[in-house]
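Beneath this line is the structure, given in structure tokens, with notes to follow.
The values are calculated or read from the model by the stated rules, or taken from the named source; none is laboratory data. Everything numeric here is computed off the predicted structure, so don't read it as measured data. Heads up, the Cβs are rebuilt from the backbone with ideal geometry, glycines too, and the neighbour counts pull from every protein chain shown. Accessible surface areas use protein heavy atoms only, side chains included; no ligands, DNA or RNA. Shrake-Rupley method; radii C 1.70, N 1.55, O 1.52, S 1.80 Å.
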Amino acid sequence: MQPSALPKHRGALHEAPRLVALNTAAPESFRRDARLIGLISTAHAFSHFFQLALPPLFPLLQGEFGVSWTLLGLLVGTFYAASGIAQFASGFLVDRYGARPLLLGGLGLLAGGTVMASLAPNAVWLFPIVTLMGVGNGVFHPCDFAILNANVATRRLGHAYSSHAVGGNFGYALAPIVSFALAAAFDWRVALAVMGCVGLVVLGILHTQRADLTSRRASVAHGHGWRDTVALFLQRAILLCFGYFVLQTAATVGLQTLLPSILHVGLDVPLLVATAAITAYLVGSTAGLVAGGFIATRYPRHDVVAASGLMTAALFLAMIGYADLAIGAIVPLLTLIGFAVGCAGPSRDLIVRHATPEGAAGRVYGFVYSGLDLGATLGPILFGYMLDHGQGREVFYAFAVLLILAVFTVVRVGRSLSPALRRA
């Protein structure tokens, strides 16, 4: 079944009448699709930007507040735990009320929370602040994908998902640079305040384009009853997608959050090179996402593409942990790892789309992507604990095992959806 690939129809519900000044192009024109993809990618970029606004400042927080790596990992875990709960709940709200108010509210919580974090007198105060930020972060995937699926032409969805993911990676890549540069020039409090204020400006800009941020509601198909919703979530393909996100995200979020510390502690890599390695990983991942958009559009076996990318990354990560590599090889190898993970992204998102019934995009994406937040909650805590116990090299084995387990889930999803994937 491939209901989400059905052509758009006149009965699709929207949140508000279109403003002619903002929507002069035909409904499925390239210009309108490109503008909408740009808006959603920008929102996604800033959601990822705020995810990594605080972690690059952890060394400064550790020095000022005298806290352990485990506690800092727990701070990240708290953010993603709140995000996962909010993501699950927001899926229901998106299907019932539409995506726009949640999307704008989520960005407001992230940007406002970052400003509030700049005022924290100690580490304890950061926990309620990052909880609010996590709630804001949790709305983006249900909102973004509901808007894209409802408005972008089917033939451009592979590129839309690719651009969406590239926006997220751009936010990830930009945040450590901006955060550390502002902290070095001023201090960590000024850095957080400035980043939060920039986010509030972007929120104002997105609000002016709100007429484009529409989505379908659940009255088209699936109802909101608990029996229907539980049956929806218990579908084999959707459960496997949830498991995939738990495993894959535990590895990748742990990698991009703690990689400089892991390289420095586990492999005695100089901190400058270790910091460059995370940038190389994110650059490689962004390139992989662009390539993955073309691959997903041209090659219908999205399960094979996603599995191949993750298996390649797992083998290279195990190599870093096992071999005594020259320091000069670390950055190129992590670039390749990022590229392999990135290539899997658009195909992964299309697999979820094929499993999503019409009118249930918010709930399905909310449930499935809450697995992302669960993995992001557990990963940094586990890897922070390993670092505190001097197991920096062993962390790379843990990354590899998690990605290999994710490969098994995506292969199983592919088997259950293979007829739909081949017709895509």
*Quick one: G375 ticks every box in (1) among the small types (G, A, S); (2) over 27 Å from Q235 (Cα atoms); (3) touching a residue at least 24 places away in the same chain (Cβ under 8 Å) bar one, so which box is it?*
(2)
*Would you check which residues across the range 287-297 are open to solvent by less than 50 Å² (accessible area, probe 1.4 Å) and farther than 20 Å from P332 by Cα and list them?*
G293, A296
*If you check V230 against the conditions, is it modelled with pLDDT of 85 or more and either buried (at least 17 other Cβ atoms within 10 Å of the Cβ) or among the β-branched types (V, I, T) (or both)?*
no
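Can you go through L200, L182 and tell me which one is in a helix (DSSP H, G or I), open to solvent by 10 Å² or more (accessible area, probe 1.4 Å), out of contact with any Lys or Arg (no Cβ under 7 Å at 6 or more places or on another chain) and within 25 Å of I278 (Cβ to Cβ)?
L182
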_Which pairs turn up if I take residues in the range 243-266 that are under 12 Å from L403 (Cβ atoms) and look for partners that are polar (S, T, N, Q) and part of a helix (DSSP H, G or I) with beta carbon separation below 6 Å, at least 6 apart in sequence or on another chain?_
Y244/T409
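Any residue that is modelled with pLDDT of 80 or more and under 24 Å from S308 (Cβ atoms) - is there at least one of those in the range 357-367?
no
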*Can you tell me which residue within the range 270-286, out of those that are part of a helix (DSSP H, G or I) and open to solvent by 50 Å² or more (accessible area, probe 1.4 Å), is nearest to L240 (Cα to Cα)?*
V283
*Within the range 203-216, considering residues that are open to solvent by 60 Å² or more (accessible area, probe 1.4 Å) and not polar (S, T, N, Q), the one modelled with the lowest pLDDT*: R210
_Output for the range 362-383, where each listed residue is over 27 Å from L148 (Cα atoms) and among the aliphatic types (A, V, I, L, M)_ = L378, I381, L382
_Looking at the structure I just gave you, is A231 in contact (Cβ under 8 Å) with a residue 24 or more places away in the chain and either basic (K, R) or over 18 Å from G390 (Cβ atoms) (or both)?_
no
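Take A53 and decide whether it is without any contact (Cβ under 8 Å) to a residue 12 or more places away in the chain, open to solvent by less than 40 Å² (accessible area, probe 1.4 Å) and not in a helix (DSSP H, G or I).
no
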